[in-house]
Every structure is written in C-alpha cells, then in structure tokens.
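The values are calculated or read from the model by the stated rules, or taken from the named source; none is laboratory data. Computed from a predicted model, the values in this text were never measured in an experiment. Cβ: placed from backbone, ideal geometry, glycine included. Neighbour counts: every protein chain shown.
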C-alpha cells in the first residue's frame, strides 16, 4: 500500500513528543513490510525540505501555522490520487482531508483539546480555539477514526462520532521493560519524579505543592523535576521550587536525554502526572516498564494508562492534597508498594509497538 500521512510534526522537529514516537515506530514497520509511507509535515529552522528516514519519506512545508494550507496545495499539485490511504492526524487542528482527498482517509486522533485551550493560550485565543473545535468536530463526525484510548473514543462519541467508526490502537513505548525488578536499585531516600515538559496543561506546580505536603509526613522525601521549563509557566514553577521551604530536597534537571530518563524512571520510587488530559499517559507506562508505579490525576489518558490500585493510584480529587495523601499511602506501606511495582511492570509488557502495528494493519487493510 501507499500511505500518505498528514501531521504537523515529525520526529526531528524540536517540538516533537510522544505522538511523533508512535508515528515513527509505525512508519518504520510499515516500510519494513513493503509499504510506502510519505509524511507531509511542518518545516522548522535547519530542517531539510525533504528527507528519507528509515525508509519513509518526510516532506516539510511551511511552518506550524501555514502547513495546513501548504499541505493541501502540495497534495493537489503533486500527490493527487497517489495514495491508497490517507491519514489525517489531528494535533489540535485537523487537516480536513475528508473535504479534498480522493482516497480513503482516516483521522488519527490522540486527544481532543477541550479545556487545554484555556491552559495553553491567552483568554481570547482560548475561546476561539474552544469554539472552533466544537464546530470542526461536528463537521468531521462522520469520519473513520483511529485513536489510542477509550477516553478519547468517549470524547469523540460525545461530538456525534459513531462508535462503530472508531477503532482503538494499542499505544507503545520506545524503551524496553527491565528484565527483572530485583536488578533495580532505587534512590536511598524515597523519591518522587516529575518528568516531561513544564507547561500549564501539565500542572507541574501541583506536584511541587503535593511534595511539600507529603514531606511533612515523610521527612526524607525527595523530588526530582526533569523537563523543559522554557516558557513563562516553566519559570513560574522554577521560582516556586526556589522559594520552597524544602528547596534543598528538590532537584531540577532541565530537559534530559534518553539514558538519563531511563535512569530516573528506574531509580525513582513514584512517578507523578497531573496533566489536564492526555491521549494516553505514556510517561506512566514508561515508568511502569522500569519498575516504578505512578500516582496520577483522574483525567483522560492517565486513567487509561494506570490501573487504579493495581499499577498505580488514580487520585479521587485533582488537588495537591489528595496527590500527597496517595503518595504517603504508597510510600508508607512497603507491601502495597511492591505489589504495585510488580503489576505495573507486568502490565507495561503489553504496551508495545508490535501490538500497535498489528492493530493499525487490521484498520488500514479493511476496505470499507
């Protein structure tokens, strides 16, 4: 098959994240099986206009704002009728392929923005984005869709998408689960880990506040914060850390490389995630694979990746106080902690790109 994939980022884009890891892994497997894959994505400074990576082709057009129109023009001029299947990946904004491509097309939706607009954008733009999403989802709700979680599927159904037109593909992680839990050595002091970019929708400040509350009960508790803080909210969190009465027990590492990330996931005792919502809580599954349970907020994506009371804990209330209470509950009960670690590790083995690829094949090879 020939697959044409519209999405606004590729794996080399400085803004790339979990969705691009998924795309890259799926594309590599498709090419290895003899399929042709071409991505139309946004350009970025120093990015090549065209590039072949692991056998799949990337064509970079415009920037993150102009790519939608530029991709439409490029398709009509150069790729009209070329593909057997078109994937329209919606990263906040869809490409609206349904209205101009001739081939069968599938929307790939990791998550809807919904309330994220009000955390990531100024007030006026947030309302414009929020209302626009209401409109374009209604326009697209007869589309064939694939997504990565039951939460996102439920979200789409609320907007009129037909459940029978929505397929869920397994998520995958790019790091291998450890061979044995007994091989791991944790930090000498109980340690909470916050991992990922420090943006408003991640609510990293909640983790810092929860740590301060939990440390009153667990005096030797430590907090490690790893992630890019290059935005106003990130600087706000760094000031919060610096002014904390427990600042000597908080370590900020900035953005870390893959090896350091794995080291942190293995040595920390708990991973905390407090996002507004996710497509799938990838960081929680990654932590599980390295023998670390997660304590998370009860939001889309995180409630899919964490099995409450089995691979971690889902907070009943989305507050630093409840987060702290659950941290204390786990760290002060060694038997409970070890059971969570073991189940989380076992569960993570099922979340892999082999299964994700098989799910994708069952979707794209079904000719409606």
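Here's a check for you: in the range 292-324, which residue that is free of Cβ contacts under 8 Å to residues at least 40 places away in the same chain and assigned to a helix (DSSP H, G or I) is nearest to residue 209 (Cα to Cα)?
322
Restricting to the range 156-170, name every residue that is farther than 21 Å from residue 22 by Cα and within 18 Å of the chain's Cα centre (by Cα).
none
Of all residues being in a loop (DSSP other than H, G, I, E, B) and free of Cβ contacts under 8 Å to residues at least 60 places away in the same chain in the range 158-191, which is nearest to residue 271 (Cα to Cα)? Just the residue, please.
That would be 189.
From the residues in the range 295-321 that are farther than 26 Å from residue 118 by Cα and touching a strand residue (DSSP E or B) at 6+ places or on another chain (Cβ under 8 Å), which one is modelled with the lowest pLDDT?
311
Of the residues 357, 337, 343, which is assigned by TED's automatic domain parsing to the domain that holds residue 27 and out of contact with any strand residue (DSSP E or B) (no Cβ under 7 Å at 6 or more places or on another chain)?
Going through 357, 337, 343 in turn, just one is assigned by TED's automatic domain parsing to the domain that holds residue 27 and out of contact with any strand residue (DSSP E or B) (no Cβ under 7 Å at 6 or more places or on another chain): 357.
If residue 158 satisfies all but one of (1) more than 18 Å from residue 276 (Cα to Cα); (2) modelled with pLDDT under 95; (3) not assigned by TED's automatic domain parsing to the domain that holds residue 112, what's the number of the condition it fails?
Unmet for residue 158, out of (1) more than 18 Å from residue 276 (Cα to Cα); (2) modelled with pLDDT under 95; (3) not assigned by TED's automatic domain parsing to the domain that holds residue 112: (3).
If we only count strands (runs of 3 or more DSSP E) wholly inside the range 50-149, which ones have 1 or more residues that are assigned by TED's automatic domain parsing to the domain that holds residue 166 and crowded, with 21+ Cβ neighbours inside 10 Å?
56-61, 85-90, 104-109, 144-147
Within the bounds of the range 328-337, is there any residue that is surrounded by 24 or more Cβ atoms within 10 Å (Cβ to Cβ) and either modelled with pLDDT of 95 or more or over 21 Å from the mean Cα position of the chain (by Cα) (or both)?
no
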